[in-house]
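Down below is the structure, laid out as structure tokens.
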Amino acid sequence: MAHVKRITVIGTGYLGAVHAAAMASLGYEVLGMDVDSEKIAALAAGRPPFYEPGFDELLTEQVASGRLSFTDSYAEVAAFGGEDRADTVHFVCVNTPQRKGEYAADTTYIERVIDGLGPLLDRPALVIGKSTVPAGTAARLTTRLHEISPAGTQMRLAWNPEFLREGYAVEDTLRPDRLVIGVQDEQSEQDLREVYAPLLAADIPLLVTDLATSELVKTAANAFLSTKISFINAMAEVCEAAGADVMQLSKALSLDPRIGGRFLVPGLGFGGGCLPKDIRAFMARAGELGADQALAFLKEVDAINMRRRARTVELAREQCDGSLLGKRVAVWGAAFKPDTDDVRDSPALNVAASILLQGAQVTVYDPKANDNAAKNFPTLSYAASALEAARDADVILHLTEWREFRELDPAEVGKVVAEHRVVDGRNALDPDRWRAAGWTYRALGRP
Ligand SMILES: NC(=O)c1ccc[n+]([C@@H]2O[C@H](COP(=O)([O-])OP(=O)(O)OC[C@H]3O[C@@H](n4cnc5c(N)ncnc54)[C@H](O)[C@@H]3O)[C@@H](O)[C@H]2O)c1
């Protein structure tokens, strides 16, 4: 390949849409493709189909520049660049959810992309996977791509796992901690070095690996982060039993530079479209490879995480004198974490739904995720503000740590509730401030 000039991005969700706009901002001509035509129409009009800080401006700017366009057609992806289409590389960013009823990852969406695009690529091309996949997927897809692409074309496949965090996706895409590329040939490495030349010029470390290692780096990173969160949450369980304070424990641990404080905040635990399904898929794949014992601990990591949700429900019940029946419960937060509208496997909504099933009337407020939450949990009630959700509440549950909630004045909130009771599922409110304003404050892992 002479010089990479154009990029296509297949799958324009939380990862792909940001990747597409970020690549356009580096000067490439970019075509984003998705099977969801509503999403494509919104993106093409410069309207983000989801909330991500900074993405609105980036998208508007790049669509207006003419460098970023969108389609729902594989044929347009294959033909992107016309006669010069050999200078185009194709990124695959589709979803890899948990298979129904199993731990394993469902890779059928990626297979559909290979099957849909492969036969249409009539020039040598580089296809780069970014989705999170079980080790061995890229090798399998390479064989498939070779089988179905037109005779004489030299298709290459590489893997370039993505580490972005929702809430910081734009920043993480343009200034990642590291780039990892799994390649099978020198040309693919050269092409990827070229794609990311502006980032490499800014001294972002690049690690070149084989395919399986690149796939594993991503799942290992998620396994480590989940373990760190569940470790401190296990300590919270012990603190609850011993009458100790896990926040003080966590602070003391974090001052040891070998441990560090990131991902060591005890609370309701992790959720979202990545960590839970990725650790389960990792366990499933290790089992297939005969290495199941190596990851047996992740089952406990998962179990500790899920127990925090149950414990939060219990704390709410304790606050309501032992029964949630007929109680009015305000839930602050619906997104799986702050600064996103993503509600996939959201701990907040899991707790809200369990409380509803125990006969309470639950009113949820999230600064950005009310609409997504209502689509998934239409039987919960939704409010337009934190105060509206809190009106006449018997207890408030703080379940997603948006800054907005920390900044609320407990005395003001106290004027609208029925009872001054709060459960801080994220250990993010200031207990002294809330108690001083007359509240009964309860939090996970604290007396
Ligand atoms: N969201 C994150 O923070 C993040 C971070 C790192 C890695 N990842 C990984 O990236 C991948 C995508 O995650 P996401 O959060 O963007 O998911 P998403 O569900 O938001 O987006 C996936 C998109 O792919 C589209 N799609 C599905 N099948 C398609 C097909 N055959 N052709 C074209 N488009 C198709 C869907 O319509 C959807 O818009 C997953 O493997 C995920 O684990 C996500």
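Details
- Estimated FRET transfer efficiency (Lys100, Ala296; beta-carbon r; R0 22 Å; 0.05): 0.40
- Rolling a 1.4 Å probe across the protein heavy atoms gives the chain an accessible surface of 42 Å² per residue.
- For the pair region 40-109 / region 224-280, the C-alpha centres are spaced 35 Å from each other.
- Net charge of Cβ neighbours under 15 Å - reference Ile204; Lys, Arg +1; Asp, Glu -1: -3
- Computed [θ] at 222 nm, deg cm²/dmol, the chain (DSSP H ≥ 4; -39,500 (n - 2.57); rounded to nearest 500): -13000 deg cm²/dmol
- The C-alpha atoms of the chain define a longest principal axis, and helix 137-148 lies at about 40 degrees to it.
- Listed peptides 328-335, 46-53 by packing density, highest first (mean Cβ within 10 Å): 328-335, 46-53
- Helix 211-242 and the long axis of the chain differ in direction by around 0°, with both axes built from C-alpha atoms.
- Rounded to the nearest 0.05, the FRET efficiency derived from the C-beta distance between Glu404 and Lys251 at R0 = 30 Å is 0.75.
- Candidates Ala348, Ala281, Ala242, ranked by Gaussian network fluctuation over the chain, Cα under 10 Å, top entry: Ala242
- In terms of packing, defined here as the mean over residues of other Cβ atoms within 10 angstrom, the peptides 269-278, 253-262, 62-71 line up highest first as 269-278, 62-71, 253-262.
- Label point 7 Å beyond Cα of Leu357 along Cβ direction - residues of region 287-310 with amide nitrogen under 12 Å: 310
- Computed from Cα atoms, the angle from the helix 55-65 axis to the main principal axis of the chain rounds to 30 degrees.
- Restricting region 108-193 to chymotrypsin sites (Phe, Trp or Tyr not before Pro) that sit in a DSSP loop and have at most 11 other Cβ atoms within 10 Å of their own Cβ leaves nothing.
- Shape class of region 225-265 from the Cα gyration tensor (axes a ≥ b ≥ c, square roots of the eigenvalues): oblate, since a/c reaches 1.5 or more and a/b does not exceed b/c.
- Nearest-0.05 FRET efficiency for Glu314 and Arg262, computed from C-beta distance (R0 30 Å): 0.60
- Gain upon complete extension [Ser323, Arg178; 0.36 nm per residue less C-alpha separation]: 47.3 nm
- Length available on full extension from Ala244 to Arg435: 0.36 nm per residue minus the Cα-Cα distance, which gives 66.9 nm.
- In this label model, Ala411 and Tyr109 are separated by 4.9 nm, measuring between points 7 Å along each Cα→Cβ vector.
- Accessible-area composition of region 293-447, carbon plus sulfur, in percent [1.4 Å probe]: 48 percent
- Applying a DSSP loop filter and a limit of 14 other Cβ atoms within 10 Å to the GluC sites (Glu not before Pro) in region 79-119 leaves Glu102.
- In the chain, Cα pairs under 8 Å separated by at least six residues give a relative contact order of 12 percent.
- Gyration tensor (alpha-carbon) shape descriptor, the chain, a/c threshold 1.5: prolate
- Taking the chain as a Gaussian network of alpha-carbon nodes connected by springs under 10 Å, the highest mean-square fluctuation of the residues Val416, Val362, Val18 belongs to Val416.
The values are calculated or read from the model by the stated rules, or taken from the named source; none is laboratory data. Note that the structure is a prediction, hence the values are computed from the model and not measured. When we count neighbours, we look across all protein chains shown, and the Cβ atoms used for this are built from the backbone with ideal geometry, even at glycine. Please note that ligands, DNA and RNA were not included when accessible areas were found on the heavy atoms of the full protein model with its side chains. Shrake-Rupley method; radii C 1.70, N 1.55, O 1.52, S 1.80 Å.
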